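Colleague: Pasting a structure here, questions to come.
Quick note: the coordinates plus some simple rules give every number you see, no bench work behind them. This structure is a prediction, so every number in the text was calculated from the model and none was measured. Here the Cβ positions follow ideal geometry from the backbone for every residue, glycine too, while neighbour counts run over all protein chains shown.
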Amino acid sequence: MARAFSSEVDIMRLAYSIPVVIFLILIVVFFVALRTENLDELSSTLIGKEVRPFDLPVLGDGPTLDENKRFSDGDLKKGHISVVNFWASWCGPCRIEHAQLMTLSERADITLYGINYKDEVADARAFLDNLGDPFELIGFDEAGRAGIEWGITGVPETFIVDGDGRVILKHVGPLLPADLARKIMPALAAAQRP
């Protein structure tokens, strides 16, 4: 009888320890995932593929949308290299990267587009009026649908698109000066090759 009782206790201990062990394994997995120092390792299913169809109203020069203009996937298939940056006025890291976007806008060999993500028109315009507007066109993605199509995980995110509308590179997080030198400029040079 004592042996049967002992076996039941052992089984109960084992039954209670399994969830604890699984929980500890999950903590380790999540910790390792969060400690990934290179966010560039986050892959995009779009790399090497054409951008998915999208069609957005354009943020105007004032506090309203420009009803006469649209920004769509067709703008990215006109033979020029495009840089597409997802940003929002409420995004702190977007402020950090803005100087790098202003630098990129000075290049004559690319077209810099913005997609304002889940923002208010007046807030987005105030952001650009305060920091400068580096973009050729800014699509206004109020509902976040274009962000879903592009597979973004948050803002800011930046994509390099070749002249045929194929995604060459995805950069997650704010563009820093080191990112321009190490990653963005080499990708732009590679996109120019026939």
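Colleague: At 1.567 mPa s and 4 °C, plugging the Kirkwood radius over alpha-carbon pairs of segment 64-194 into Stokes-Einstein gives what diffusion coefficient in µm²/s?
Modeller: It diffuses with D of about 88 µm²/s by this estimate.
Colleague: Which of GLY154, ALA99, ILE184 sits closest to the plus end of the dipole of segment 41-192, meaning its Cα is farthest towards the positive end, when Lys and Arg get +1 and Asp and Glu get -1 on the C-beta?
Modeller: ILE184
Colleague: Using the Karplus equation 6.51 cos²θ - 1.76 cosθ + 1.60 (θ = phi - 60°), what ³J(HN,Hα) coupling, rounded to whole Hz, does each residue of segment 137-145 give in order, writing x for Gly and Pro?
Modeller: 9, 10, x, 9, 9, 4, 8, x, 5
Colleague: Provide the per-residue ³J(HN,Hα) series for segment 51-58, in order, calculated from phi with Karplus coefficients 6.51, -1.76, 1.60 and θ = phi - 60°, each as a whole number of Hz, with x at glycine and proline positions.
Modeller: Each residue's phi maps through the Karplus curve to give 4, 6, x, 8, 8, 10, x, 9 Hz.
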